[in-house]
Amino acid sequence: MTIFAPNPDATATSTLSSLIRRRRPGFSLEAEFYTDPTVFAADLDAVFGRHWIFVATEAEIAEEGDYVTVTVGKASVIIIRDDDFEIRAFRNVCRHRGARLLNEERGSVGNIVCGYHQWTYSPDGSLLHAKDQPADFDKSCFGLRSVSVRSEGGLIFICLAAEPPNDFDEVSARIEAYLGPHQLTNTKVAAQIDLVEHANWKLVMENNRECYHCEAGHPELTCTFFPTYGHAVEDIPTRLLPAHARYLQAEHDLETACSDRGYPYELIHELTGRPSAFRIQREALDGAGESYTIDGTAASQKLLGDLDTPRLGRLSLHHQPNMWSHFLADHAVVFSALPLDVDRTLVRTTWLVHSDAVEGEDYDLDNLTAVWKMTNAQDAGLCALAQTGVSDPGYLPGPYAPSESDVDDFVTWYIERLSEVVEP
Ligand code: FES
Ligand SMILES: [Fe+2]
């Protein structure tokens, strides 16, 4: 158990435990949660060091030897496909004297060769060569240190803890029933864009967990995203009633399409109260109802998997702590948020299309990526505003609107996680 000592400068920042105790449900967090390096260090330990976090897609490491490296706090992790096609994850640290092994964000290797003294590891992590060692040197004792890794229907998660949360098996099984028809393991990366947002990772996640800001903040997204999202039926403003009527019809059509094909679509909402918390639901899109384009028509003519209709809405998946994603009939767009510093977060967006889809024939890259490129840029601006505001001495936590209940859930989950490791 990690115990965080009280901050010696108690007049400047509150202790973590007192911050946790003072958390007011239904209100945004106090400033220190977004600005204090002590809290950031606690987040890396209690959240990113102990939970399953989303880091990549299988499509990024399609062939043997393909790898990506991800940075989580001070830790660098190699995610690689070995020669038996298994996905492995290792600490990116040489077992000789600790040099960083792979410095690129992605690539392909035969073996992993340390740049310092050329210790050489197989993609399965075993040490193959270590020159000039004594005769009794036992290579089998110096394989790379494994990191827990698993794929959830083509989405790769890692966990840095020695004992990862064991509720992920059950979560995975339920999610894969939804993801199955999209066959993410039979996709390729059409585009991937990294955005460094100038905001604490929690502000990035909170921004994602509500669409209270969508109507004003995302004109391109709301072409296909019903502006009623997040409103309780009784709270829908009069001006949005026509949109609500369209939504009801589109939902009815979607449920029929899913029922006919045996695809699950119902909401599962377990965003609090468990380590591997998540939310999944298939929901209708506005406009043509097919994809995230300005008019809602499919961006790729080659549908994912064996799907036989483009009108399957968006299958949305939210995982605590760091992912959101949308699986459409014609493509998938998945997002990860990784903390870089107390006020900077890497948001990585990956667009996946069918492996056989051909750019320029089946899809136009600009059309495929336009809506979320613009939406991400808008969100980055909003999150930066939020970071500036919570850093201002004038900031006080404010109340969430009813449509921000998933933000409250995210914060509640976060406080639950911190409470597990911080002495009260
Ligand atoms: S530190 Fe890697 S071979 Fe020496
Ligand atoms: Fe947004």
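The values are calculated or read from the model by the stated rules, or taken from the named source; none is laboratory data. Keep in mind that what you see is a predicted model, and the values were worked out from it rather than measured. Cβ sites come from the backbone with ideal geometry, for glycine too, and all protein chains shown count toward neighbours. Side chains included, ligands, DNA and RNA excluded: accessible areas come from the protein's heavy atoms. Shrake-Rupley method; radii C 1.70, N 1.55, O 1.52, S 1.80 Å.
A few comments on the model shown:
- Cα gyration tensor shape of the stretch 317-360, rounded if a/c is under 1.5, else prolate or oblate by comparing a/b with b/c: oblate
- Selection among 312, 195, 140 by position relative to the dipole of the chain gives 140 as farthest towards the positive end (Cβ unit charges, Cα centre).
- When the Cα positions of 329, 243, 178 are compared along the charge dipole of the chain, 178 comes out farthest toward the positive end, with charges on each C-beta of Lys, Arg, Asp and Glu.
- Dividing the Cα radius of gyration of the stretch 177-423 by its Kirkwood radius returns 0.96 for Rg/Rh.
- The stretch 52-152, relative contact order in percent, only Cα pairs under 8 angstrom and at least six apart counted: 23
- Ligands, DNA and RNA left out, the accessible area of the chain computed with a 1.4 Å probe is 50% carbon and sulfur.
- A Cβ-based charge dipole, computed about the Cα centre of the chain with Lys and Arg at +1 and Asp and Glu at -1, lands at about 1120 debye.
- The stretch 177-423: relative contact order in percent, alpha carbon pairs under 8 Å with at least 6 residues between: 30
- For the stretch 52-152, the Cβ-based charge dipole about the Cα centre amounts to some 640 debye (Lys, Arg positive; Asp, Glu negative; other atoms uncharged).
- When the charge dipole of the stretch 216-304 is built from unit charges on Cβ atoms (+1 for Lys and Arg, -1 for Asp and Glu) and taken about the Cα centre, the candidate among 288, 222, 271 whose Cα reaches farthest toward its positive end is 271.
- Net charge in the neighbourhood of residue 246 (other residues with Cβ under 11 Å of its Cβ; Lys, Arg +1, Asp, Glu -1) is -3.
- The overall shape of the chain is oblate: from the C-alpha gyration tensor, with semi-axes ordered a ≥ b ≥ c, the ratio a/c is 1.5 or greater and a/b is no larger than b/c.
- Across the chain, the mean sequence separation of Cα contacts (distance under 8 Å, 6 or more residues apart), normalised by length, yields a relative contact order of 21 percent.
- Three-way shape call for the stretch 364-413 based on the alpha-carbon gyration tensor, with the a/c threshold at 1.5: oblate
- Remark: the stretch 209-326 carries a charge dipole of roughly 280 debye about the Cα centre, counting +1 on each Lys and Arg Cβ and -1 on each Asp and Glu Cβ.
- Neighbourhood charge, 10 Å Cβ-Cβ cut-off, centred on residue 86 and excluding it, Lys, Arg +1 and Asp, Glu -1: -3
- DSSP H segments from the chain that extend 20 Å or more along their own axis, Cα-based, with Kyte-Doolittle mean of -1.0 or above: 241-261, 365-390, 405-421
- Restricting attention to the chain, lysine pairs at least eight places apart or on different chains and with alpha-carbon atoms under 21 angstrom apart total 5.
- Net charge of Cβ neighbours under 14 Å - reference residue 220; Lys, Arg +1; Asp, Glu -1: -4
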